[in-house]
Amino acid sequence: MEAIPSRTVSLLLYVLSVLAVSAVPVQKPFNLKKISYNFNTTLSWDYDVTSVTPYFQVEYKSPRSHSWTTVETCMNTSSNYCDLSEKIVDPYVYYDVRVKAVVGSGMSNYAKTEFYLIEDGIIGPPTINASVDEKFMYIDVGYPDAPHVNGKKNVGDYLDDLTYDIHYGDEMQEMEECDHYGCSTQILITNQTKYCIWAQGKSESVPMTIEKSKEICINTAVKTVQKPFNLKKISYNFNSTLYWDYDVTSVTPYFQVEYRYYSNSWTVVETCVHTSHNYCDLSEKIVDPYVYYDVRVKAFVGSEMSDYAKTEFYLISDCIIGPPTINASVEGKFINVDVEYPDAPRLNGKNNVGDYLDGLMYDIHYGNETKVTEECDNFGCSTQILITGNQTKYCFWAEGKSEIVPITIERSKEICINIAVKTGTLSNNQIAIMVSILVIVIVLLVLTFFVMKRKLEDKPVIPWSLRSFTTGMQHVYRPTDQLSKYDPVSISPVESHVERPDKKLNVSDDSDLGDSIAHGSQSSVGEAEQKADTDQNASEESSGSKNYYRTEDNGDSIGGSVTENEVTEQEPPRDITPPITNSNGYDRPHCLP
């Protein structure tokens with residue numbers, strides 16, 4: 001028989017144990033304990049140890065809800081307790097709480113209890129501080145912290161009428177002023193030089209257990225150490241600083257600065273504890289311009305300390321808002337003016353004085369005019385000013401104001417901007433229109449060029465072999481007045497022989513041309529030459545003293561004495577029949593019919 005592996009045996013034993021446990025009823029938790037200290041509420045319970053790890057689930061409900069709600073942090077938990085601080089928060093309400101155990105696949109019944117914070121809760125001791133001056137001892141009592149739920153931070157936020165009594169010796173004095181942070185009072189100092197005090201809380205509406213504070217003692221004897229004097233408050237753009245004077249001593253003095261608001265307990269400024277400087281930066285402590293702050297400072301010389309020197313900070317009256325930055329630019333017919341807020345301490349999302357002051361805005365002054373900035377945002381304000389007339393220079397300065405608080409605000413420096421007068425300047429639209437027209441004109445010219453080129457290409461071209469003939473025809477039909485005028489050559493006549501047009505044309509003697517064509521051509525040319533000779537002879541008879549010579553068509557040189565200014569233009573022959581050529585072929589002049 002083969003041996004069964006040990007791993008398989010362990011698995012079987014575990015399954016059998018689970019089944020055995022499941023067969024037995026699961027025990028429910030017992031000895032439920034409710035603990036609530038300063039509204040930090042916890043439920044704990046006991047449970048017997050089992051072979052299988054038990055898990056627990058806690059649920060709760062209030063009279064306002066009809067169903068049970070599971071606590072998310074206590075679902076299937078192996079711990080024997082559950083934090084209910086964020087669930088059980090109202091001291092005036094009864095809460096039902098229950099818990100069950102889950103072991104393996106089995107589940108126990110619920111173990112139940114009831115929570116009522118007024119009876120089950122305990123309020124711990126408060127913090128207590130005391131200080132003295134020449135006549136009074138000032139006592140501040142701070143509420144203990146509590147769970148931060150729904151805006152609540154301390155036990156005073158959970159209990160409506162929580163207050164304290166101050167006990168010192170056989171005397172007792174009720175606290176006069178209480179707010180969200182605690183209570184405060186003052187006690188008149190008598191001849192007694194030492195006071196030991198403690199505070200006891202109370203509430204008239206709920207009989208809740210409230211522990212008393214620890215006892216503190218304070219010496220009210222006359223101090224031999226000089227206290228700081230000439231306290232000065234300076235706040236510029238909410239950068240707040242406290243200054244003081246102190247006489248020089250043989251031992252280096254050290255100082256401690258504290259502040260409070262709404263009559264709360266005094267808080268020591270961490271950066272001004274045991275400092276040797278005669279100033280303290282309060283920019284991160286005094287931040288609300290609508291709140292009065294109390295500030296005090298005391299000196300330490302050796303093992304002794306002085307009384308407090310006190311003052312009050314109220315930013316609306318003590319703070320000065322510096323000048324803003326101003327910028328201007330020209331855009332079309334307007335000048336854009338932008339005003340930027342001065343920087344301020346960057347705390348809680350605040351970056352500039354506009355984040356500290358509500359309703360801060362600026363007036364823009366230029367010349368004798370004033371314009372209120374129209375738009376303001378987290379960075380500053382802006383407006384537009386219309387450019388009028390021919391004014392070429394504008395000078396601006398901004399002055400801040402707030403309709404909510406009468407705080408001192410410095411004006412900005414003056415800036416000037418020159419407006420260039422542009423005559424005949426085209427707007428963007430006009431430039432676009434002109435460019436469009438120019439493009440259209442260029443396109444039309446290009447189209448016209450191509451059309452003309454096409455027409456010229458379609459026109460017949462005279463062959464090169466005929467161009468000499470057309471040139472000769474132009475020479476034959478050239479009017480007499482376009483021929484060369486009388487050219488002065490010399491005093492004595494010079495014979496000039498020019499061939500006749502019929503000889504120049506060099507008409508071919510081909511035998512295929514008819515005699516009638518030759519006779520007609522010679523007759524027509526002869527008549528034209530005879531008429532031209534007659535007109536020329538008449539013109540030469542009226543010539544002046546100077547002798548000019550002209551070549552006639554018949555080749556004879558005829559001289560005449562004519563004046564240069566009296567040379568008249570001759571009427572070109574009107575009915576001249578063009579010469580008839582009797583040649584053909586592209587290499588010869590064509591014969592005209």
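The values are calculated or read from the model by the stated rules, or taken from the named source; none is laboratory data. The structure presented is a predicted model; accordingly, all values stated were derived computationally and were not measured. Here Cβ is always computed from backbone atoms with ideal geometry, including for glycine, and neighbour counts include all displayed protein chains. Surface areas here come from the heavy atoms of the whole protein model, side chains and all, with no ligands, DNA or RNA. Shrake-Rupley method; radii C 1.70, N 1.55, O 1.52, S 1.80 Å.
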So, relative contact order of region 68-115 in percent, Cα under 8 Å, 6 or more apart, is 28 percent
List the trypsin sites (Lys or Arg not before Pro) in region 312-393 that DSSP assigns to loop (not H, G, I, E or B) and whose Cβ has at most 16 other Cβ atoms within 10 Å. Which are they?
-> 333
Accessible area in square angstrom per residue, region 193-241, 1.4 angstrom probe = 57 Å²
What are the ³J(HN,Hα) values, in whole Hz, obtained from phi via the Karplus relation 6.51 cos²θ - 1.76 cosθ + 1.60 with θ = phi - 60°, for each residue of region 83-98 in sequence order, with x given for Gly and Pro?
-> 7, 10, 4, 8, 10, 9, 10, 9, x, 9, 10, 8, 10, 9, 10, 9
For residue 445, what accessible area in Å² do you get when you roll a 1.4 Å probe over the heavy atoms of the protein chains, rounding to the nearest 10?
-> 110 Å²
Work out from phi, with θ = phi - 60° and the Karplus expression 6.51 cos²θ - 1.76 cosθ + 1.60, the ³J(HN,Hα) of each residue of region 267-280, listed in order in whole Hz, and give x for Gly and Pro.
-> 10, 6, 6, 4, 7, 10, 9, 6, 9, 9, 6, 9, 7, 8
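Could you compute the FRET efficiency for residue 262 and residue 114, with r as their C-beta to C-beta distance and R0 at 51 Å, rounded to 0.05?
In this case the efficiency is close to 0.85.
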Full-stretch length increase - residue 102, residue 230 - with 0.36 nm per residue and alpha-carbon distance subtracted | 38.8 nm
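Give me the percent relative contact order of region 296-399, please, defined on Cα pairs under 8 angstrom at least 6 residues apart.
Numbers: 148 pairs, mean separation 23.2, N = 104.
Dividing the mean separation by the residue count of region 296-399 yields 22 percent.
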For region 123-266 the mean separation of alpha carbon contacts under 8 Å (6+ apart) over residue count, i.e. relative contact order in percent, is 24 percent
Solvent-accessible area per residue for region 111-174 (1.4 angstrom probe, square angstrom) = 46 Å²
Would you mind getting the accessible area per residue of region 263-327, heavy atoms of the protein chains only, 1.4 Å probe, in Å²?
-> 43 Å²
Which entries in the list 135/285; 112/214; 227/350; 28/152; 285/371 go over 30 Å, if you measure between the two C-alpha atoms of each?
-> 112/214; 227/350; 28/152; 285/371
Interchain or sequence-distant (5+) residues whose placed amide H lies within less than 5 Å of the amide H of residue 143 are 182, 183
Phi to ³J(HN,Hα) by Karplus 6.51 cos²θ - 1.76 cosθ + 1.60 over region 317-334, Hz, x for Gly, Pro = 9, 9, 8, 10, 8, x, x, x, 8, 10, 9, 9, 8, 9, 9, x, 8, 10
Round to the nearest 0.05 the FRET efficiency obtained for residue 251 and residue 40 when R0 = 45 Å and r is the Cβ-Cβ distance.
-> 0.45
If a/c stays under 1.5 just call it rounded; otherwise compare a/b with b/c (prolate if a/b is bigger, oblate if not). Do that for region 197-250, with a ≥ b ≥ c from the square roots of the Cα gyration tensor eigenvalues.
-> oblate
Coil-residue trypsin sites (Lys or Arg not before Pro) of region 62-170, DSSP, other Cβ within 10 Å capped at 16 = 64, 135
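Within the accessible area of region 271-413, what % is carbon and sulfur when the probe is 1.4 Å and the other protein chains stay in place?
Values: 3350 of 7470 Å².
Here it works out to 45 percent.
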Carbon and sulfur atoms account, in whole percent of the 1.4 Å probe accessible area of region 128-238, for 47 percent
Solvent-accessible area, 1.4 Å probe, carbon plus sulfur percent, for region 26-113 | 47 percent
